[in-house]
Amino acid sequence: MLNYIWAGLIIISLVFALINDGRDYFTNEFQNGMEIQVDIEFPESADLNRRQSVYFTISGSDARHEAQWYPTDSGTELIIPVHSSLPEHWQKIAKNQDARDLNTLRAEIVSQDTAVQTVSIVLPEVILVKMRAITKAAFDMAEFAVTLAIGLIGIMALWLGLMKIAEESGLIHKLVKVVNPVLGKLFPNVPKDHPALGAISLNLSANILGLGNAATPLGIKAMEELQKLNPDKETATNAMCMFLTMNTASVQLVPPVTLIALLGVGVAELFYSIIIATAISLTVGILAAKYYANKFPEQPTQTDINPVEA
């Protein structure tokens, strides 16, 4: 279902982009191809066939702007640094132009009168602004997703390996016995000695300590164990919903590592706020999950899966 929602959002965004780009094209929002007259101030004894710094004023304005006179084999360009003193329309074109450097405008000189030092320029063409923005965002997010996935491989391998060692050594079984009085009430349909309770407790512990990346593989392991108890593989059980609620809104006694990296020692000022906010969200989430679990009760799970041997 989520795939259909994402596909629908993408289609809607593309339609929206096409409509806006079409409107910009027919109304000539960016005045593509429009010639603008400017007066150039050359240095003394200037050679118009060489690159040099010049000043120019736009016809009808007294503002003086700096630029680079840039002759090429195919013509001459006026390279204009983008700053706040330029007309607002020029800044808008610079921001939306299809160029690597958005801090300059490369205006083409289409005609010039060296006698009076007046030239006509055409600013860069701007088209498909919204479509290019969506395409760029799609590629940026795809690159981010790949980078994130690769970065999580090492962390997931480490913690899943430790989880396997703990399972084989019997540590999970001992941990289950410790947390069973609490988690047994929250997950009544999970067998008392099932490994899922151990994975859940490790995941919640990692979240409490602010180890978000470490909690991810432990949460995946816990969901795998809960799925083994699920008679209907296409529908989440009440235990799965409860675990997801607790995992999402768990109390954090230690601020997340990402927040510490961003704020440094300043994160200490948020300590009590984090605890209060997450405690409230956890309480509300558990009450809501319990309400719907009572409203839609399930039969106790019958499983042949043996608990982890001590």
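Computed from the coordinates by the stated procedures, all read-outs in this text should not be read as laboratory data. Owing to the predicted nature of the structure, the values given are computational and were not obtained by experimental measurement. Don't worry about glycine lacking a Cβ; one is built from the backbone with ideal geometry, like all the others, and counts go over all protein chains shown.
Tabulated data for the structure shown
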item: Under 5 Å, built H, 5+ apart or other chain: amide partners of VAL82; result: THR104, LEU105
item: Label-point separation, ASP193 to ASN28 (7 Å along Cα→Cβ), nm; result: 8.4
item: Alpha-carbon Rg with Dmax, taken over the range 31-126, Å; result: 12.6, 37
item: Amide H contacts under 5 Å for GLN52, placed H, 5+ residues apart; result: TRP69
